[in-house]
1. Which of the trypsin sites (Lys or Arg not before Pro) found in region 14-62 are loop residues per DSSP with 11 or fewer other Cβ atoms within 10 Å of their Cβ?
2. How high is the FRET efficiency from Leu107 to Ser180, r the C-beta distance, R0 41 Å, rounded to 0.05?
3. Relative to the present Cα-Cα distance, how much length would full extension add between Ser196 and Lys36 at 0.36 nm per residue of separation?
4. Helix 90-101: angle to the longest alpha-carbon principal axis of the chain, degrees 0 to 90, nearest 10?
5. Please figure out what share of the DSSP beta bridges in the chain is antiparallel and state it in percent, rounded to the nearest 5.
6. When you take every Cα atom in the chain, what is the radius of gyration, and what is Dmax, the widest Cα pair distance, in Å?
7. Exactly which GluC sites (Glu not before Pro) in region 53-131 are in a DSSP loop and have at most 15 other Cβ atoms within 10 Å?
8. Rounded to the nearest 0.05, what FRET efficiency do Lys217 and Ala288 have when you use their Cβ-Cβ distance and R0 = 56 Å?
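Just so it is clear, none of the values below were taken in a lab; they were calculated from the coordinates. Small disclaimer: the values here were computed from a predicted structure and weren't measured. Reconstructed Cβ throughout: ideal geometry from the backbone, glycine too, with neighbour counts over all protein chains shown.
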Amino acid sequence: MAEIMKLKKSADAGIKDILKYLLEKKKVTGAFLLKKTGAGSVHYSLVTNNDEMERSVPFAPVMPENAARMLTIFMKQKPPGEPLAVVVRPCELRALVELSKLGQVDLSQLFVISVSCPGVYPIKTYLKAEKPDELDAAYKKSAANGEIQKDLRATCNACEHFLPIGADITVLLVGKDMDSACDIVMNTEKARDYLSGMELKKAEEDTESKAVVSLRKKRDAEREKLFSSLPLPDAGMDGLIQVLGKCIQCYGCRSVCPICYCTLCYFDSANNESPAPISENEAGKRGAVKVPSDTLFYHLGRITHIGISCVGCGACSDVCPAEIPLPALYYRSGKMIQDMFEYTPGKNRDEERPLSVFKEEELGEYEH
């Protein structure tokens, strides 16, 4: 049984009270979470003032960008010993763990608050909704009942890791009425220490509620549907061309991916350029060449680069102008690689990434 603390408030109001307390007691230097702008959009913000905290929306059902990517950029310049509270989704937390293994962020500087995650809407769906209140109401209802909300990101409805791994505090959203309940799980001694002065009511419950079990079964089924929707891997090169042939190489998927962190990407380097003489020579041999070229090479390179650490956040789905099912492609390809190495990205902070470790004997069953 998990140690669960109850606040008689909505999930948003309850977690804002906790963040205000942490700021007042100088347990943290700031809070990184979602906040509304004057124009009605939602974006991540660094909040250091409790008055500004009122405009935050910690559990708005949208992910403007994977927070892990922004936090790695921001935290590189942060002085040690000054912890920051962050409110992130489970996939964002797992991406943070993977990036910490790559030397991109120091997790000891973070006080992590995460959620049992119902998922998020695509950005366009959320920001362009004619009746946003109805959208939020449908989201909360499906979360409380452990149901699939069809309008969410496809990878959210297929996600198997919707309970956070390694958070200091977990806010229970799945199976709860978010408008009237803020139940938090104290996962670490740091959490108990930081919140020791707050008046919190204890209750013994099971995080594996009926709603959580129900949602997990439904998401397993949705994942099978998502993966079977791609003509891979049985269709070979023809299948890849069918899926990726529309790519215009805008590199938007790379720009929002939390796992892509290289200062200079190979595909932006001179090594990837195709000068006119080379293109003309290839066109002379084949009759015609696509410009820009190497579309398949780009995506195969990305799969090789991020596959072992892909957390299936679906951020790439929001930016592809050609509407290629990139999340399904990367999520499925990544899971195949991860299953091969028996590795779950972001699950164990002490487990080394397989591609960074040399073993004399490995993957013997794949030799033939």
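1. The qualifying sites are Lys26.
2. Result of the calculation: an efficiency of 0.80.
3. Numbers: separation 160, 0.36 × 160 = 57.60 nm, distance 2.99 nm.
The span from Ser196 to Lys36 would gain 54.6 nm if fully extended.
4. 70
5. 65
6. 21.9, 76
7. Those that pass, being in a loop and sparsely packed, are Glu54, Glu130.
8. 0.70
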